[in-house]
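Notes follow once the structure below has been shown.
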């Protein structure tokens, strides 16, 4: 772009239009095909053109050619914004900050002008991104809130914003504004604010801004259905984790509804070419992911209900599941201070909301309905995540299925039915172990062994409780069953512990933080279940007591060496110390009895 003193306003604009068109092609099209060894080739070419335009437009301001000053500032502002974005994308952050601040200062006096407002909001957005990239979320927030304020103030003026294409229109052409570009810029502001509040650990605000972003995308039909559904389903997990089952169910229902709409359109495609097949594969993949989010919703609802029933039976009926009990400082007026406003009014989600409750579960029937819903979503997810192709995901789904049976068993009052539910868990986990190679999936095997140890212990507790209640003498079959449950629990806990030992069979001197609790719990369970084995022979009894003693002693030894373990497992450490002392006395007593027994 070369400017001479005798150029008219029309010539300056035409020159700008031609060069800006070349720049957009370089950035929007050519840059996608840049070679790997020169990933920024097109961006650098565009930047050279932009710098020439910047210099030329700066010269235009020095003489009178009939060009409106606001229009000139708008053109120069767009140029500076694009240079700043390219600098940021090519990791020249200091240069980017400098040029974006220059653009901000240039446009600030006319920020509420229709020709300026979209550009200055985008400048603030990019300054927000820049400071986020520098890991300065508080500073990033200040620019993004400024962008939000600019948008809100401009909306009050009732003016129509003008995009650059209209600013550089030809004389005689009708000028039409484009509110969508303004709305898109504002949607980006809200999206970036969601990320920034996440970085600041203000998770509720982050979630609300995520919701508002999704709601606006729906409102303006400005979204890609698969991505939108996945984002809505992912956001639902935050709400469910904070007992916001009303919001969580709504977001999941919205995700499934949008996927249904997309599938309907996809199936209308007449030509089943490679593009269609790729879209169908993506749809199946992401539908399975949304199904997994539904599974998590069911599990979280069941476990939250179980926790309430165990801890606070008096206030069960008053339990809130819509996050209305959470404090929200809504000084930015993003949801009117009411988190129950986090819905999508433009979308009918009743089909999916009608399938499952969003209230805490109180009875077995309540839990069974959620359990059955969970099984349906599990089957849908497993249809995509098969063991022979996506093993890790399939293993996790089987683990989720096991957990759903566990929570249902909590609500079941009949001992035999509860035991059968736990037996169903054992079958599915042991079948899985037979199909998977521990060499490649050791972390999962550890989880499976530990869970199997727990399940056998749970069934053991049911059987022993039933035996204690009964006044009848236990049958040999029942005694054999109890011993078998003890042995199977011990076997699985032992497999878990052995997998953590070195080649010499020794536990690490200091356990990793995330395995302290399961290791100590496993040793404690082995100690407890060793003592529960029933034996009439005193020599066998002695062996059981010794096994129990050694397990409790292992806990004492670990905690004596590792202060972190002792602090984390304080109650277990104290209990195991007591059991070691008790069992030492018991072993000595039994040794004397065996020594003096005429049958030995």
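Some points to look at:
- Flag for residue 214 being in a helix (DSSP H, G or I), in contact with a helix residue (DSSP H, G or I) (Cβ under 7 Å, 6 or more places away or on another chain) and buried (at least 22 other Cβ atoms within 10 Å of the Cβ): yes
- Where residue 96 falls short, out of the listed (1) more than 21 Å from residue 180 (Cβ to Cβ); (2) touching a residue at least 12 places away in the same chain (Cβ under 8 Å); (3) loosely packed, with under 15 Cβ neighbours inside 10 Å: (3)
- Region 410-422, subset surrounded by 14 or more Cβ atoms within 10 Å (Cβ to Cβ) and free of Cβ contacts under 8 Å to residues at least 40 places away in the same chain, residue farthest from residue 366 (Cα to Cα): 420
- Condition met for residue 261 (surrounded by fewer than 20 Cβ atoms within 10 Å (Cβ to Cβ), in a helix (DSSP H, G or I) and within 14 Å of the chain's Cα centre (by Cα)): no
- Taking the numbered list (1) loosely packed, with under 15 Cβ neighbours inside 10 Å; (2) farther than 27 Å from residue 585 by Cα in turn, residue 560 passes all entries but (2).
- Residue under evaluation residue 446, criteria (1) surrounded by fewer than 16 Cβ atoms within 10 Å (Cβ to Cβ); (2) touching a helix residue (DSSP H, G or I) at 6+ places or on another chain (Cβ under 8 Å); (3) under 25 Å from residue 494 (Cα atoms), criterion not met: (1)
- Odd one out for residue 220, checked against (1) outside the structural domain of residue 124 (by TED's automatic domain parsing); (2) at pLDDT 95 or above: (2)
- Under the condition of being surrounded by fewer than 15 Cβ atoms within 10 Å (Cβ to Cβ) and part of a helix (DSSP H, G or I), the residues counted in region 102-117 number 3.
Rundown of residues vs (1) modelled with pLDDT under 90; (2) under 17 Å from residue 168 (Cα atoms); (3) surrounded by fewer than 19 Cβ atoms within 10 Å (Cβ to Cβ), yes/no style:
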residue	(1), (2), (3)
8	yes, yes, yes
52	no, no, yes
62	yes, no, yes
78	no, yes, no
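- Of the residues making up region 288-302, not a single one is buried (at least 24 other Cβ atoms within 10 Å of the Cβ), without any contact (Cβ under 8 Å) to a residue 40 or more places away in the chain, within 21 Å of residue 357 (Cα to Cα) and in contact with a helix residue (DSSP H, G or I) (Cβ under 6 Å, 6 or more places away or on another chain).
- Test: residue in region 118-131 that is modelled with pLDDT of 95 or more, more than 27 Å from residue 202 (Cβ to Cβ) and either buried (at least 17 other Cβ atoms within 10 Å of the Cβ) or assigned by TED's automatic domain parsing to the domain that holds residue 26 (or both): yes
- Residue 483 being more than 21 Å from residue 573 (Cα to Cα), touching a helix residue (DSSP H, G or I) at 6+ places or on another chain (Cβ under 7 Å) and assigned to a helix (DSSP H, G or I): no
- Some residue of region 480-495 being modelled with pLDDT under 90, surrounded by fewer than 20 Cβ atoms within 10 Å (Cβ to Cβ) and more than 33 Å from the chain's Cα centre (by Cα): no
- Just one of the numbered conditions (1) more than 30 Å from residue 127 (Cβ to Cβ); (2) assigned by TED's automatic domain parsing to the domain that holds residue 138 is not true of residue 246: (2).
- Checking the stated criteria, residue 332 turns out not to satisfy the condition of being surrounded by 12 or more Cβ atoms within 10 Å (Cβ to Cβ) and at pLDDT 95 or above.
- Residue in region 529-543 that is farthest from the chain's Cα centre (by Cα), counting only those that are touching a residue at least 60 places away in the same chain (Cβ under 8 Å) and surrounded by 17 or more Cβ atoms within 10 Å (Cβ to Cβ): 532
- Flag set for residue 88, criterion: surrounded by fewer than 22 Cβ atoms within 10 Å (Cβ to Cβ), in a helix (DSSP H, G or I), modelled with pLDDT of 95 or more and assigned by TED's automatic domain parsing to the domain that holds residue 23.
- Taken over region 563-590, the residue count meeting the criterion of being surrounded by 13 or more Cβ atoms within 10 Å (Cβ to Cβ), touching a residue at least 12 places away in the same chain (Cβ under 8 Å) and in a helix (DSSP H, G or I) is 14.
- Qualifying residue in region 503-514 (condition: in a helix (DSSP H, G or I), assigned by TED's automatic domain parsing to the domain that holds residue 533 and either surrounded by 11 or more Cβ atoms within 10 Å (Cβ to Cβ) or in contact with a helix residue (DSSP H, G or I) (Cβ under 9 Å, 6 or more places away or on another chain) (or both)): yes
The values are calculated or read from the model by the stated rules, or taken from the named source; none is laboratory data. Source: prediction; values computed, not measured. Counting neighbours? That spans all protein chains shown, and the Cβs are built from the backbone with ideal geometry, glycine included.
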